[in-house]
1. If you plug each phi of region B:185-191 into the Karplus form 6.51 cos²θ - 1.76 cosθ + 1.60 with θ = phi - 60°, what whole-Hz ³J(HN,Hα) values come out, in order, with x for Gly and Pro?
2. Could you tell me the largest-minus-smallest coordinate of the C-alpha atoms of the protein assembly as shown on each of the three principal axes, in descending order and whole angstroms?
3. Cα centroids of region A:231-267 and region B:533-576: how far apart, whole angstrom?
4. Taking K and R as +1 and D and E as -1, what net charge do the other residues with C-beta under 15 Å from the C-beta of A:Leu35 add up to?
5. What is the spin-label model distance, in nm, from B:His169 to B:Ala143 if the labels are put 7 Å beyond Cα along the C-beta direction?
6. Using Cα springs under 10 Å in a Gaussian network model of chain A, which residue among A:Met265, A:Met71, A:Met198 shows the largest mean-square fluctuation?
7. I need the calculated FRET efficiency for the pair B:Asn481 and B:Arg419, taking r as the beta carbon distance and R₀ as 22 Å, to the nearest 0.05.
8. Could you tell me what a quarter of the Cα convex hull surface of region B:346-393 works out to, in nm² with one decimal place?
Amino acid sequence: MNYVLNRLLSMLLTLFLISIITFAVTNILPGDVALMIMGTQSNPEALAGMRQSLGLNDPLIVQYGHWISGMLTGHWGTSLVFKAAIGPLLLQKMTASGLIVLMSMLIALTGAVPLGVWAAIHRDRWQDTASSSAALFGVSLPDFFWGIVLILLFARTLGWLPSSGFVDPGTDLGGAIAHAFLPSLALGLGLMAHLTRMTRSTMVGIMEQEFIRVARAKGLRERAIIWRYGLANAIGPVMTIAGLQIGYLFGSIIVIESLFNYTGMGWLTYQALLNRDIPLIQATIFVIAAVVMLTNLVVDLLYVLVDPRIRLG
Amino acid sequence: MTDLAVNGNDGAPILAVDGLRVEFRTDAGPVVGVEEVSFAIRPGETVCVVGESGSGKSVTSLSIMRLVEFGGGRIAAGRIGFRRRDGRDIDLADLTPAEMRAVRGSEIGMIFQEPMTALNPVFTIERQLTDGLIAHKGLSAEAARRKALELLQEVRIPEPERRLKQYPHELSGGMRQRVVIAMAMACEPRLLIADEPTTALDVTIQAEILALINRLKRETGMAVLFITHDMAVVAQMADRVVVMYRGNVVETGSVTEIFEAPQQEYTKTLLAAVPKLGEMRGRPAPERMRGFAAPGSKTPQQPEARPARPRELIEVRHLSTRFPVRSGLFRQTTAHIHAVEDVSFTIFAGQTLSLVGESGSGKSTCGRSIMRLTEPSRGEVLLEGSDIARLDSYALRRVRRDMQMVFQDPFASLNPYRRLAAQVAEPILNFGLARGAELEDRVAGLFDRVGLPRSFLRRFPHELSGGQRQRVAIARALALNPKLIIADEAVSALDVSVQAQVLNLMMELQADLGLSFLFISHDMAVVERVSHHVAVMYLGRIVEIGPRMAVFEDPRHPYTRTLLDAVPVADPRVRRSREDRRARTLPSPIFPLGHEPAPSVYEEVGPGHLVIVE
């Protein structure tokens, strides 16, 4: 319990630092909110008036104080582009992208763990070479390449799955999953390749451990040794690496969601950046950082369940 | 146990290895691991296979278990005859993997060297003890649990019920090795293979484990195949001995034949290299190991005309080193490990003081604190009068010229990417003492000094053997003409014959250059050979210190006696029948913040012979 509190405290500290950096960086960007609202053709007096009313003439530290107290009290402001309250907007888009991130992680792990173990136990034989080459192929190609291939294959040629659009999981869960499937697969393939390599090298290390030899000396079946003794030790490290990829996934969805016209966080971030929607950019960075940190906290807590040596405290 | 009748000694061997040859696949074609290995073990008999690294002793034991196949090996020829419980004679080399699995763990049990890594860290002790029973005997979970509890009692682990629920990291090394033995004994095997089972353990724990194996053998009548590099352990355990060298059996015989009338040159050399505890009785000065004269060195001699009281080189007074235990968000210090606690001693010029003790006694930290590689918490270290503990970094750097260190692992203490000449030259360059041709001459001279050919100058560490590497480490330590060398387990990782040569080199350097050594070691027999003075450490404190003869021949502190008593003697006629006791839990030197331990107070029991007063 103490450990969770400590972790949450240090998370708050990190978020505080992130908020400062976010705020500073978005203020260095050329143009300001007043200009974005009024447009470049507006007259200078009106612009000055707008700046005054938005508080843009206050010292940065005061502006930051306004912003952060707003964030903390749930007043996240209004998006300039969407003309809507940022809070509910982010919640809706986060749900949409959460579905994709979760599904791509599931797809990646279901493929990577068996493949990685299979490669590890056939180390230096053709199975290993095949799996390693496939994985190298997978990590070398960008996500959107897989996106294009998947659209061509499953949407155009076979017509099994929709190639674009977003359906709210609250209204139609099946439809939501169907629409999220191809973008998730596109993201998941690259991730699967990466995690396969990690699983393989972790497993190779574990299968050389003395306790594996001891298990063999006990006369246990090789299958039990690999899938129980071996995998129980590999699952922790693989999980940690998978958890660290969540941040990477939130970066990748910017391209993938645009490709599949899937209106989630990635698509939202893209729109916010394109239109210099500064309040939205600030809130988006902040929320993504918080979500990535929280998922990693969850992963670390899960680690305790699979490895008794990790003591929280 | 119940198998006594079946295992009864009717003279026919339970295991008969005949002409075994094992090959390993490599990129350059098959490499022979062992060849022409033949020996037999009868029920109730202990056969020791002894040899140095690369002798093939472990390959032999792994071949019997057919585990060698998992490491890329293949039994190319020979027969491994094994008499099963039902009386059938089978050839283990011929069995299918599934048939072999039924023998492994059921009729042959095996224990390994490293208790720290032999247990699966993420499973409970119960799960690891029961899965073999469930696989071989088809016991129910409940019956297996009862049997597991019984096994833990059998290997004398205290609080067995609690242990079942624990994970390996919660047990000490000695306790874990008992669990590994319990696992191997689970299905009442007819043959127990022990592959260096005590090499990673402290000497007192080793004595306990050896006594345990002996008792289990006596009670069950099983046969034991004991693999070791340690002749002293062989002398204590073996009925018969198989000596191996470079993949071949050199000599086989009863333990008395091997120790008292060895036939082969290699066996004789091996025996000569082993220091025997007690053989220095009545001899005040250190002596070279016999039969290992380095080429070109002088005949062994002891300089008799020593001044009655040699000069003091280093005086350590009330040295303490504590490490913080940190926890919480801001990593606050919540306790201290008192690694070294109020330690005082003197090292004389041209002499060797040995620090002995078991792991965790603080002997290495003590050595590091003197050089300030670890900052001592308090106390003084006077090198010829000036206090090292108080020097600023500039003055400390100068003082370090006078003190050099040689570490245990010569693989780790040399940079794998640099040529040896450059590594030995480094300290000289560091202090700007020589350059160009003069530097080359000095480095070449150092190679001569430690008995390495000059052709090694341009080589890299991986091209050398362990003993040669340790010579390079010594050459590097000598480069600055130091007054003191701190040797932290400097010969512990070496094979005995190499160990003897390196020890002789160190004694030679002491005689020629007047070097002082702080010799940190866990090996009492080696310490007896090389030391002028000995200090025994326990839980951070020196419990007994004095001239070597006094400490070894008249030990006063109970811990010193326990330690000396636990050392196996390399002589089968000096067997100590030890009672098999319960595993102990060792106290820890972790104290809460602000805890001030009492100062170390000593009583002088003889000239310079001090014993701590509790």
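1. 8, 3, 9, 6, x, 8, 9
2. Over the protein assembly as shown, Cα extents along the principal axes are 106, 76, 57 Å.
3. Here the answer is 61 Å between Cα centres.
4. -1
5. Result for the modelled spin labels: 3.6 nm.
6. The residue with the greatest mean-square fluctuation here is A:Met71.
7. The value I calculate is 0.45.
8. Answer in nm², one decimal: 4.0.
Since every read-out is calculated from the coordinates, none of them should be taken as a lab result. Remember, it's a predicted structure, so these values are computed and weren't measured experimentally. Ideal geometry is used to build each Cβ from the backbone, glycine not excepted, and the neighbour counts take in all protein chains shown.
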